[in-house]
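Worksheet for the structure shown next.
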Amino acid sequence: KQAEKAVHQKKEQSKTKCRKARRRHINLVAEFNRRQKKNIWLETHIWHAKRFHMVKKWGYCLGNSPTEKSYRTCYRAMTRHCLLQDLSYYCCLELTGKENELLKQLARICSIDTGLTFEEACCLSGRFEGSLNLYRADRYPEDVLGPVTFIWKPRDGSENRHLWIWMHPALKQDILRELKAIFQCSEPEELYIPEPVTTSIQEEKQMDGVLSLGKKRKKKDKEGEKAVPVKKIIGDGTRDPFQSYCWISQTTNIVISDRTMEILRYRLIGPLSHSVLTETLKAASLQTV
């Protein structure tokens with residue numbers, strides 16, 4: 001009886017889900033969502049996770065060093081070809097409003113003595129990206145906030161201009177607080193309430209219950225076809241998903257929007273960077289209604 005019981009237990013243990021069942025698409029998406037609750041993944045996370053040692057910093061999961069000795073390859077790409085880096089973890093703040101109002105207040109947190117400013121002619125047209133150091137309002141040369149890069153959206157004929165400012169995630173809260181202070185922006189009345197993220201525990205329980213009956217679980221939508229699971233990641237590593245992401249000034253109508261993880265950012269290094277961009281990006285045909 002004991003021998004038969006042991007054989008019976010072995011057979012039951014061998015009925016665990018095979019690798020193909022564990023790696024089904026719906027399981028992977030639910031598992032990825034669960035693993036991103038504390039540290040957000042970049043769009044290139046899967047590629048980096050297979051080739052890099054990952055570290056958790058500033059609310060993100062980033063590739064720190066390659067698992068192989070590829071330093072010579074990277075150096076050769078930078079000097080002869082093209083090397084791409086994913087800088088999407090850099091935070092982006094969007095300022096929208098009248099150009100005069102923006103320049104008037106932004107002049108308080110930078111200085112012409114350090115180099116370029118927000119009102120430089122080549123940068124103000126939107127053709128080039130600028131970089132500078134930010135300080136607390138009217139506190140130059142003391143109380144430095146940190147370096148940032150910025151780019152203006154080219155003029156489209158309207159009074160309002162768009163300005164994007166990129167900064168390191170460690171500097172985001174201080175710079176955002178200072179921008180909200182100089183523009184006198186307050187949170188809007190309607191707060192951002194995201195949809196609840198589907199938990200993987202419920203899906204796993206349903207999956208286990210269906211697989212125990214020996215049947216395949218098929219998720220269908222209203223049209224009767226197989227529904228494609230969507231990856232729902234709300235917020236980013238530097239923002240609480242239940243906090244507001246947009247602030248407006250009642251006096252100047254300046255709007256500050258948090259565009260972190262909404263605008264991806266990549267850096268191309270090497271002599272063939274321009275050639276790679278021209279071969280990759282194709283101009284779309286302009287259609288006027």
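The values are calculated or read from the model by the stated rules, or taken from the named source; none is laboratory data. Being a predicted model, the structure only gives us computed values, none of them experimental. We work out accessible area using only protein heavy atoms, side chains counted, and drop any ligands, DNA or RNA first. Shrake-Rupley method; radii C 1.70, N 1.55, O 1.52, S 1.80 Å.
Miscellaneous remarks
- Base-10 log of normalised Debye intensity for the stretch 21-68 (one unit scatterer per alpha-carbon) at q = 0.16, 0.22, 0.26, 0.27 Å⁻¹: -0.48, -0.81, -0.98, -1.01
- Members of Lys98/Lys180; Lys56/Lys172; Lys20/Lys69 lying beyond 21 Å, as alpha-carbon distances in this model show: Lys20/Lys69
- Accessible surface ranking that places the most exposed of Ile151, Ile182 first, with a 1.4 angstrom probe: Ile151, Ile182
- Accessible surface area normalised per residue over the stretch 97-156 is 58 Å², counting heavy atoms of protein chains with a 1.4 Å rolling probe.
- Accessible surface of the stretch 21-68, 1.4 Å probe, proportion on carbon and sulfur as whole %: 49 percent
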